[in-house]
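A short write-up of the structure that comes next.
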Amino acid sequence: RIISAKGSTYYGIAACVARLSSGLTQNRRRIHQLSVWIDEFGSYLSWPALVGSEGIIRPMPIKLTEKEMMTVSKAAKTIRGAMNEALNS
């Protein structure tokens with residue numbers, strides 16, 4: 001839908017990379033949606049994280065409902081299973 005509506009997403013991707021890069025090089029300490037290790041779920045997840053010149057400073061806390069917590073836990077379990085399968089094959 002996005003490509004048919006806009007024609008392409010090249011500039012959107014470039015803008016995201018430029019924003020992340022400048023945040024890293026200029027230590028802007030911005031929040032970005034990244035794949036980050038979340039101890040609570042024992043997996044890497046797409047999660048907002050504070051990023052600065054040293055990289056990921058910390059994942060940002062998110063208030064989740066019980067249902068959301070169950071959904072994220074299930075997704076993390078699936079990711080862990082796929083990673084274990086890939087590493088052991």
Review point. With the other protein chains left in place, how much accessible area per residue, in square angstrom, belongs to the chain at a 1.4 angstrom probe?
Key: 79
Review point. Rounded to the nearest 500 deg cm²/dmol, what is the calculated helix-only ellipticity per residue at 222 nm for the chain, with -39500 (n - 2.57) per DSSP H run of length n ≥ 4?
Key: -15500 deg cm²/dmol
Revision key, fill the gap. SASA check, LEU24, accessible area w/ 1.4 Å probe, all protein chains in place, rounded to nearest 10 Å², comes out at 60
Review point. Expressed in nm to one decimal, what extension gain is obtained for the pair GLN33 and ASN84 from 0.36 nm per residue of sequence separation less their Cα-Cα distance?
Key: 15.9 nm
**Study point:** Amide H partners (placed H, <5 Å) of LEU34, local residues excluded
**Key:** TRP47, ALA49
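How large is the dipole of the stretch 37-84 about the Cα centre if only Lys and Arg carry +1 and Asp and Glu carry -1, each at its Cβ, rounded to the nearest 20 debye? Walk me through the intermediate numbers first.
Numbers: 6 positive and 5 negative charges, 36 e Å.
Rounded to the nearest 20 debye, it is 180 debye.
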**Study point:** For the chain, with +1 on Lys and Arg beta carbons and -1 on Asp and Glu, the positive-most of THR25, ALA86, TYR44 along the dipole
**Key:** THR25
Exercise for review: Could you work out the Rg to Rh ratio of the chain, with Rh taken as the Kirkwood radius (inverse of the mean 1/r over all Cα pairs)?
Suggested key: 1.06
Review point. If Lys and Arg each add +1 and Asp and Glu each add -1, what is the summed charge of the other residues whose beta carbon sits under 12 Å from the beta carbon of GLY42?
Key: 0
Practice item. Select from ILE38, ILE79, ILE62 the residue whose mean-square fluctuation is largest in a Gaussian network model of the chain (Cα-Cα springs shorter than 10 Å). Key: ILE62
Exercise for review: Name the most mobile residue of ALA18, ALA49, ALA76, meaning the one with the largest mean-square fluctuation, in a Gaussian network model of the chain with Cα contacts below 10 Å.
Suggested key: ALA18
Revision key, fill the gap. So for the stretch 12-56, using the alpha carbon gyration tensor with a ≥ b ≥ c as root eigenvalues (a/c under 1.5 gives rounded; past that, a/b versus b/c decides prolate or oblate), I'd call it oblate
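The values are calculated or read from the model by the stated rules, or taken from the named source; none is laboratory data. Note that this is a predicted model, so its numbers are computed, not measured. So basically every Cβ, Gly included, is an ideal-geometry build from the backbone, and we count neighbours across all protein chains shown. These area figures cover heavy atoms from the full protein model, side chains too; ligands, DNA and RNA do not enter into them. Shrake-Rupley method; radii C 1.70, N 1.55, O 1.52, S 1.80 Å.
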